[in-house]
1. Structure shown: which of Lys281/Lys479; Lys44/Lys229; Lys135/Lys590 lie over 25 Å apart, alpha-carbon to alpha-carbon?
2. Considering only protein heavy atoms, what per residue accessible area in square angstrom results for the range 122-231 with a 1.4 angstrom probe?
3. Grab the other residues whose beta carbon is less than 15 angstrom from that of Asn575, score K and R as +1, D and E as -1, and report the net.
4. Cα gyration tensor of the chain, axes a ≥ b ≥ c as square roots of the eigenvalues: rounded (a/c below 1.5), prolate (a/b > b/c) or oblate?
5. Of the heavy-atom accessible surface of the range 158-261 (probe 1.4 angstrom), what whole percent is carbon and sulfur?
6. Using 7 Å Cα-to-Cβ label points, what is the Asn132/Asn628 separation (nm, one decimal)?
7. Ignoring ligands, DNA and RNA, what accessible area per residue does the range 268-425 give at 1.4 Å, in Å²?
8. Magnitude of the Cβ-charge dipole of the chain, K/R +1 and D/E -1, about the Cα centre, nearest 20 debye?
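The values are calculated or read from the model by the stated rules, or taken from the named source; none is laboratory data. These figures come from a predicted structure and were not determined experimentally. No Cβ is skipped: glycine too gets one built from the backbone with ideal geometry, and neighbour counts run over all protein chains shown. Surface areas here come from the heavy atoms of the whole protein model, side chains and all, with no ligands, DNA or RNA. Shrake-Rupley method; radii C 1.70, N 1.55, O 1.52, S 1.80 Å.
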Amino acid sequence: MSPVTRRTFLGSAAALGAAVGLDSLPGVAPRAAAATTGTITDVKHVVVLMQENRSFDHYFGSMKGVRGFGDRSTIQLAGGNSVFNQPDGSGRQYPWQLSATNTWWWGSSGELLAQCDGSLDHSWSTQHQAWNNGKMDSWIGAKGSNRTMGYMTRSDIPFHYALADAYTICDAYHCSILSATGPNRTYLWSGTIDPNGTAGGAAYDGGSESGLHWQTYAEALQNAGVSWKVYQNASDNFGDNALAYFNQFTGAASSSPLSQRGMGSVPSTGSTPDDIAAAIKADSLAGTLPQVSWVVANQLFSEHPDGPPENGAHFVNLVLQALAADADTFNSTVLFLNYDENDGFFDHVPPPVAPAGTADEFYSGTNIGLGFRVPMIIASPWTRGGFVDSQVYDHTSVIRFLETWTTALGTPASCPNISAWRRQVCGDLTGAFDFANPVYGLPGGLPGTGATISQATANTQINPGPSNNAMPGQESGTKPARALPYQPNAWVDRIEYDANNQILLWIDMANQGPQATAYAHYSIYANAYRSGGPWQYTVAPYDAATRTDGSASDFFNIGANYGNGQYDLTVVGPNRFLRHFTGNATTAGKSAEASTYYAPAPDTGQQAVWFKMVNTGSSSVTYTITSNNYRGGVWTYQVAPGATVADYFNAVTVAQGWYDFTVTVSGDSSWSRRAVGHLETGAASISG
């Protein structure tokens, strides 16, 4: 494999660790920080380290407790196939472990490791082709290789897994745009790609990110009096400092803060990773670490597919240890470790995208994003404990965190570029934090990261392809999970005939109750009987002033040319929320309906999942509710003609909020209602 030509690799990474000796730095002893408030103002420094080109499933699909290969709330592909079972020419391919066919890189314990594997196409065109308007069914064809389905495990990237187990991992963090590195980094540094082309954009694809001239977030910090800096070697940064895409930085006088802080380089000894770590360590010890720092690696240590994860782990560890050189600095710092985009690597979760016509979220009539999921690990005293946070985020969420933080400090630095829709759908990352209960110091048990791979070796490595084709497993167990600001629900409201005698099935969606404080995004998929879709919806949160739920409703023609009464529709939403409706409006089940709602259980007083079973027919009907997961049990209910029966299930006390039920009805095998989700209580729980 030849080196990547998107950006030129300049220089080597010799003498790793020699400059600062950080691998041998002792851990910081846990201790209380001075003058803490238990709020976000206890944060004194934010460090943003964006690495390259890895999808969430590719790195963490096999990790326990995250939304990975064991996900029970997946969409279906055409023909009823799992989204994990992707078309591959005349056959199909499941995700496969890269190291299973690796014959060239051995770990310190004799295990085969999956390291370099070559970059796949990840342009605007092929990212959208793989996404296929949300159908998620064209990964191998779009990327031109079944290597798109390759993934890694704990044995392949042990440091990354250990870091996620020690801190907090976000499993609904998406890149910002269905496109390449440059546009996603433009979102991280500025909140937009200027889709309307008013200030040098639209910077929508690789190669389009130059000559830009809208305000970056670094300038917003500068104007607010918040200190900031980019730690990089400007001649060896793989083109990953997005401030260099903007005229005001490339044209800045050498004496200006934009040039010195945004375009300058750390002192150089010839080893970019060590030089960056040494500069961070020096500033940590001197008490001069800026309030906001962006860290930009070089190619070999960026985790780009020809930049080995082994090297990336070492660089992340260098940065972590450099911050830990001073205990006060480390105990007041947030490190965001995220990835600009997914390269061409598969991820199974459809990204939330804006409904048609949404301002600033379309380019040339096509959805900009959100893009596919990428890893995000938050290392800080307030994110210790191995949590998973499943709130929807993207790269603009990092800016949103900085906005919230600087406002709390009394030096607000706002970003006017983030679209209104994105502010609704993507959180500000504060939900991942517990500011009242910090755990100080470095966690124990992080693996060593001294071994690295040279660029020359990396350039020769490419995986031959899968040796097996079976659905991969996921580590057993759960993770503690942060509370989420959604309470999604959806149900079939009614089936009716319109003026043209077409059959219309109405689906209601809601975001219910006081726990629903953020907008929830839904997609509705037609699994059979009709083409089109998925259809996108953004549902407002609960309105505390009027005590009303956020809601949306839409209808689907299930008449002539659309199934002749048959239907098979799935609604998906945040945090594994799913509703699946099947049936036939011309058979016995047309008189049956079973809808979900949330209300306190009479025995516990806690919120429970309720099923309301209605019979509008002239004969008795037997409903059967079967628990598919989280608890056992089958329950049956006789419902008389014209009657309604309701029953509840204590998901909070039985399964920490999780539920997965299927409802069927006697006399009509086509009719079913499946309900999967999680009841929020405002408190931490566990992952599903």
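1. Numbers: Lys281/Lys479 32 Å; Lys44/Lys229 14 Å; Lys135/Lys590 29 Å.
Checking Cα-Cα distances, Lys281/Lys479; Lys135/Lys590 exceed 25 Å.
2. Details: 2630 Å² over 110 residues.
Averaged over the residues of the range 122-231, the accessible area is 24 Å².
3. On the way: positive: Arg67, Arg72, Arg373, Lys479, Arg482, Arg576, Arg579; negative: Asp71, Asp171, Asp389, Asp660, Glu680.
Cβ neighbours under 15 Å give a net charge of +2.
4. Details: a/c = 1.80, a/b = 1.67, b/c = 1.08.
In terms of gyration-tensor shape, prolate.
5. Working: 1220 of 2770 Å².
Carbon and sulfur: 44 percent of the exposed surface of the range 158-261.
6. 2.1
7. 20
8. Values: 34 positive and 53 negative charges, 143 e Å.
Computed charge dipole of the chain: roughly 680 debye.
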